[in-house]
1. When you scan region A:111-125, how many residues do you find that are in contact with a Lys or Arg (Cβ under 7 Å, 6 or more places away or on another chain) and either facing another protein chain (nearest Cβ under 7 Å) or under 30 Å from residue A:218 (Cβ atoms) (or both)?
2. Please find, within region B:243-258, the residue that is surrounded by the most Cβ atoms within 10 Å (Cβ to Cβ) out of those that are out of contact with any Phe, Trp or Tyr (no Cβ under 9 Å at 6 or more places or on another chain) and in a helix (DSSP H, G or I).
3. Just one of the numbered conditions (1) more than 9 Å from chain B (Cβ to nearest Cβ); (2) touching a residue at least 60 places away in the same chain (Cβ under 8 Å) is not true of residue A:17; which one?
4. crowded, with 18+ Cβ neighbours inside 10 Å and farther than 28 Å from residue B:132 by Cα: does that describe residue A:179?
5. Please pick out the residue among A:125, A:100, A:105 that is in contact with a Leu (Cβ under 9 Å, 6 or more places away or on another chain), hydroxyl-bearing (Ser, Thr, Tyr) and assigned by TED's automatic domain parsing to the domain that holds residue A:43.
6. Report whether or not residue A:329 is closer than 25 Å to residue A:205 by Cα, surrounded by fewer than 16 Cβ atoms within 10 Å (Cβ to Cβ) and not acidic (Asp, Glu).
7. Of the numbered conditions (1) in contact (Cβ under 8 Å) with a residue 60 or more places away in the chain; (2) in contact with a Lys or Arg (Cβ under 8 Å, 6 or more places away or on another chain); (3) within 12 Å of chain B (Cβ to nearest Cβ); (4) within 29 Å of residue A:235 (Cβ to Cβ), residue A:141 satisfies every one except a single condition; which is it?
8. Can you list the strands (runs of 3 or more DSSP E) lying wholly within region B:27-103 that have 1 or more residues being without any contact (Cβ under 8 Å) to a residue 12 or more places away in the chain and either within 12 Å of chain A (Cβ to nearest Cβ) or surrounded by 18 or more Cβ atoms within 10 Å (Cβ to Cβ) (or both)?
2 protein chains.
Amino acid sequence: MNLFDRNETLKELGEFGLIERIAGLFEPDTDKDFTGIGDDCAVIKNDASYSTLITTDMLLEGRHFRREWSSAKDLGYKSLAVNLSDISAMGGKPRYALLSIGLPSDTDPNWLDGFFSEVARLCESYGVKLIGGDTAKSSSIIINYTVLGSIEHQNILWRSAAKPGDKIGLLGKVGEGGAGLRLLEESHSKEVPSHKDLIKSHNRPSIYVKEAVFLADSGIVHSMIDVSDGIQSDAGHIAKQSGVSLSIHTNTLPVSKQLIDVCDKFSWSVEEIALTAGEDYALMFTFDCEKEDTLKAKLQDSFPETDFTVIGKVTEGDADVRFFKNGEPFELHQHGFDQFKTA
Amino acid sequence: MNLFDRNETLKELGEFGLIERIAGLFEPDTDKDFTGIGDDCAVIKNDASYSTLITTDMLLEGRHFRREWSSAKDLGYKSLAVNLSDISAMGGKPRYALLSIGLPSDTDPNWLDGFFSEVARLCESYGVKLIGGDTAKSSSIIINYTVLGSIEHQNILWRSAAKPGDKIGLLGKVGEGGAGLRLLEESHSKEVPSHKDLIKSHNRPSIYVKEAVFLADSGIVHSMIDVSDGIQSDAGHIAKQSGVSLSIHTNTLPVSKQLIDVCDKFSWSVEEIALTAGEDYALMFTFDCEKEDTLKAKLQDSFPETDFTVIGKVTEGDADVRFFKNGEPFELHQHGFDQFKTA
């Protein structure tokens, strides 16, 4: 087998190259009762009506989090929340979680208390059951969740189901988590209120578990994703998998006053951060443009605290994503993040 | 919350203590449609008839494997095989796998080829589909599988279902994987044929996927476990969870000539290795003593190459495990392995 070119390093191949090669080994079956690699979750059909959604995610200390930046409780929250968000990204209700955790032998009992009590609290608040896991001794903390959700098969919001004519909606704000991370990375003061808010958004990102189920049930939404890799990258997944073009207007992006203030202060580009920094778990979805008012009214009614913004539209085209600012084409400088390609 | 005593380190608490505390946070529900922590797999009821079995397992380079001891293909085989074995341990048929993998950027493409091609081969040979996963850049290799299996609910072979009067059966040999590991740890020559065989058993342990489904369907078997932690420890799980006493006769243990030769040579105790070294994926089960001949004949008919041995019996008693050698009580010196308690 020659899955990998003998002279091609993982650094050259990159994350998406690696996943593509692995996926190629496991050809999609015809007459299948499951859908594998390629969306936020894998999907297993249970019967004619219901499916199980399943996602898994590995978080490594020093790479995905640092104990000096995030408390044990924050990590307990975030590590599970980002996995629940993957179930939400397809419209499902999270039901069960399994947690594999690698821990140093000298891990502070206070840390264990904080981490696991927050995992338990989050499970409780969304009706998720922790049903299994594994433990290993390791030199740094390793957290691997697998989360299962359920959904009526016909309600699944696939990345591949955006339609020309759809509008693009967003639930939640963008840019805050990414800006919070950048503040931490650049060692800016954590005591300034706007900094504090953004860092909190990084450590405790909002997720939209109930809203996602509502959107899937609404019959108005066609496709969905969470923007954990940034709008640019995640809109690209929808464009590619649906074979459509997405136009996004940067003036409409839901950004907080805190983000604007901090971007002003450090001369960061609000658009670059809002579109590429990732670390947000806002839900981006495409929906029937004729139902915009209905959707808006229903969301306002059921989730008055949750921001809903229309940020663009879907057209026939070349599976690409175009950005506009003040009506003019807008070029992004940042181009996604590939963990294997960076130092 | 005071999940952990403030002065109690993870090293003092140990692996089983940690799991017990975590499990305590997630009290079993009444009127439940799932069974969580406490067996080889978690069980989720799909409907009145069928259940999903699910297991997850974290393997760390340097702790669970070393690249200098195991080839990429061996690791591809073993990392998945041990998870399939967890599904087998409850009688299920493995169906789907998810793989989270942490890799250094400079991982040799030959290693990736060997690892993934062997994962694909093993999936193919047991009809398992790799449907998802995650990748992360890490300083050493981290492998986390989640495997899902299916089974008729009434056929599940729980650890808690052993009955007084049952006989104890074993499919496969014991001690080889543990002895192979010890040969590697003590840097004995890999070129001696008996060493080679045992090291191969360590790197490519036999698993009993089809046999397990057969046993679950037979109606003769009551409880089952795989002996990956060693017969002593795993028989203890059955004894404790079933509230019975297990008597095991060491003279009957299925051990290979190679194991006996190597134990002779290095003055190792065959019994200690066969009962405590773990690293074997033989299936240990308790079954209706009146059906022994039927079971033996059916196994011989369907799986003529697989060793089936009766190693003891189940009696009413104090949830303990007793060993006998030449009819006399036999005391073991080794007492299980706890990763957090060892250096």
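The values are calculated or read from the model by the stated rules, or taken from the named source; none is laboratory data. Keep in mind the model is a prediction, meaning the values are calculated, not measured. Ideal geometry is used to build each Cβ from the backbone, glycine not excepted, and the neighbour counts take in all protein chains shown.
1. Of the residues in that region, 1 qualify.
2. Selected residue: B:258.
3. Exception for residue A:17: condition (2).
4. Yes: the conditions hold for residue A:179.
5. None of the others qualify; the one that does is A:105.
6. For residue A:329, the condition - closer than 25 Å to residue A:205 by Cα, surrounded by fewer than 16 Cβ atoms within 10 Å (Cβ to Cβ) and not acidic (Asp, Glu) - is not met.
7. The one condition residue A:141 does not meet is (4).
8. B:42-45
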